[in-house]
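Undergrad: Can you keep this structure in mind? I'll have questions shortly.
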Amino acid sequence: MNYRHIYHAGNFADCMKHALLLALIKALKRKPAGFVVLDTHAGCGRYDLSSEEAEKTGEWHAGIGQLLEQPAPAPLTDYLDAVRPNVQDRHRYPGSPAFARAELRPQDQLIACELHPEDVRPLRRLFHADPQAAVHHRDGYEALRALLPPKDFKRGLVLIDPPFEKPDDFARCAKAITLIRTRFRAGIVAVWYPIKHRTPVRAFYTALQDAGIRDMLACELLLRPPVDPSRLNGCGLLVVNAPFGFEDDARNILQALATGLRSPDAENIQINIERLAEE
């Protein structure tokens, strides 16, 4: 309950997560049938980059701030087009539910869950009276049993993006993926995770493989070698049941990010695309 994303909004991890999120949603839009996006840890919905909290860390300057100062490479065009008017005109960075809502067609739906009382209030204001967006003040993990399978949709995406403040967050993510695959087999699952050192990440992969989860694609962006557990050295997005063509899209997006996010603190950025288990 202590984590506040405003301190980290727009950083390199947000850039990676949201660029890949948009690619997943656009893949869902290739078919006319409606879909649902369930965001289990939705946050505020948008973040003021001029706020005291955001400027205290200044992480967005080396993330979205750096990308917007450069010509947009083709793989990042959709992402930067979605961000640019928010950042340049209003100094706001959209969170994952805002990205998802902007992509919805009339037949699609967003469900956003947020537990933190200070974050759920602006989230509700953002989607006030929006018939295509439902906001739930509840634990995102617990909501999975109540909200899946979706009542009116056979297709969709579940985004799990916890703060990873607790030592059991990787284990909770593994259990959540297993539950989703049982209750919403046709759904895409995307889980963001931090990379500080490799041991917790490999244990996460192993737990999923032992649970019988297949068709997993790990997409990772590393600013530096993951050898210092006190630093966020990189991040990943694990996608289960990835849509056709997403692996190539993800590789192009990560390569563009690796080129655009270089700085003195991240001179040797590495990307990794790994298929962990096939059907």
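Undergrad: Hull surface divided by four, with the convex hull built on the Cα atoms of the stretch 222-279: how many nm²?
TA: Dividing the Cα hull surface by four gives the mean projection, 4.7 nm².
Undergrad: While we're here: Viscosity 0.692 mPa s, temperature 37 °C: what is the translational diffusion coefficient of the stretch 191-246 from Stokes-Einstein with a Kirkwood Rh over Cα pairs, rounded to a whole number of µm²/s?
TA: Estimated diffusion coefficient is 273 µm²/s.
Undergrad: In whole angstrom, note down how far apart the Cα centers of the stretch 13-59 and the stretch 196-221 are.
TA: Cα centres, the stretch 13-59 to the stretch 196-221: 22 Å.
Undergrad: Sticking with this structure for a sec: Across every pair of different alpha-carbon atoms, what Kirkwood hydrodynamic radius in Å does the chain reach?
TA: Hydrodynamic radius (Kirkwood, Cα pairs) of the chain is 18.8 Å.
Undergrad: Counting only heavy atoms of the protein chains, get the accessible area per residue of the chain (1.4 Å probe) and round it to a whole Å² value.
TA: Ligands and nucleic acids excluded, the result is 45 Å² per residue.
Undergrad: Now for a different question. Would you kindly calculate the mean projected area, averaged across all directions, of the convex hull enclosing the Cα atoms of the stretch 1-83, in square nanometres?
TA: So the Cα hull casts an average projection of 6.5 nm².
Undergrad: Grab the beta carbon distance between residue 29 and residue 248, set R0 = 22 Å, and tell me the FRET efficiency rounded to 0.05.
TA: 0.80
Undergrad: I've got another one for you. In whole Å, what is the distance between the alpha-carbon centres of the stretch 85-125 and the stretch 70-84?
TA: Rounded to whole Å, the Cα centres lie 19 Å apart.
Undergrad: Now a separate question. Hey, could you grab the Kirkwood Rh for the stretch 84-226? Inverse mean 1/r over distinct alpha carbon pairs, Å, one decimal.
TA: Radius from the Kirkwood sum: 17.0 Å.
Undergrad: Residue 70 to residue 231: FRET efficiency via 1/(1 + (r/R0)^6), r the Cβ-Cβ distance, R0 25 Å, to the nearest 0.05?
TA: Values: r = 25 Å, r/R0 = 1.00.
It comes out at approximately 0.50.
Undergrad: Please name which of 111, 42, 238 has its Cα lying farthest along the dipole of the chain towards the positive end, using unit charges on Cβ (Lys, Arg +1; Asp, Glu -1) and the Cα centre as origin.
TA: 111
Undergrad: If you roll a 1.4 Å probe over the stretch 191-279 with all protein chains in place, what percent of the accessible area is carbon or sulfur?
TA: Carbon plus sulfur share of accessible area: 50 percent.
Undergrad: Accessible area, 1.4 Å probe, largest first: how do 50, 230, 263, 96 sort?
TA: The most accessible residue leads, giving 230, 50, 263, 96.
Undergrad: So which trypsin sites (Lys or Arg not before Pro) in the stretch 175-279 are both in a DSSP loop and have at most 16 other Cβ atoms within 10 Å of their Cβ?
TA: Sparse-neighbourhood loop trypsin sites (Lys or Arg not before Pro): 185, 214, 231, 262.
Undergrad: Mind putting a number on the dipole of the chain about its Cα centre? Charges go on the C-beta only, +1 for Lys and Arg and -1 for Asp and Glu, and I need it in Debye to the nearest 20.
TA: 820 debye
Undergrad: Under a point-charge model restricted to the Cβ atoms of Lys and Arg (+1) and Asp and Glu (-1), what is the dipole moment magnitude of the stretch 45-172 relative to its Cα centre, in debye to the nearest 20?
TA: Details: 17 positive and 22 negative charges, 124 e Å.
For the stretch 45-172, the charge dipole is close to 600 debye.
Undergrad: For the chain, set up a GNM with springs between Cα atoms under 10 Å and report which of 128, 41, 91 has the largest fluctuation.
TA: Greatest mean-square fluctuation among the candidates belongs to 128.
Undergrad: Still on this structure, I have one more. Which value, in Å to one decimal place, does the Kirkwood hydrodynamic radius take for the stretch 155-264 when every pair of different Cα atoms is included?
TA: Mean inverse Cα-Cα distance, inverted, gives 14.8 Å.
The values are calculated or read from the model by the stated rules, or taken from the named source; none is laboratory data. Computed from a predicted model, the values in this text were never measured in an experiment. Quick reminder, even Gly has a Cβ in these numbers, built from the backbone with ideal geometry, and neighbours come from all protein chains shown. Ligands, DNA and RNA are excluded from the accessible area calculation, which covers all protein heavy atoms including side chains. Shrake-Rupley method; radii C 1.70, N 1.55, O 1.52, S 1.80 Å.
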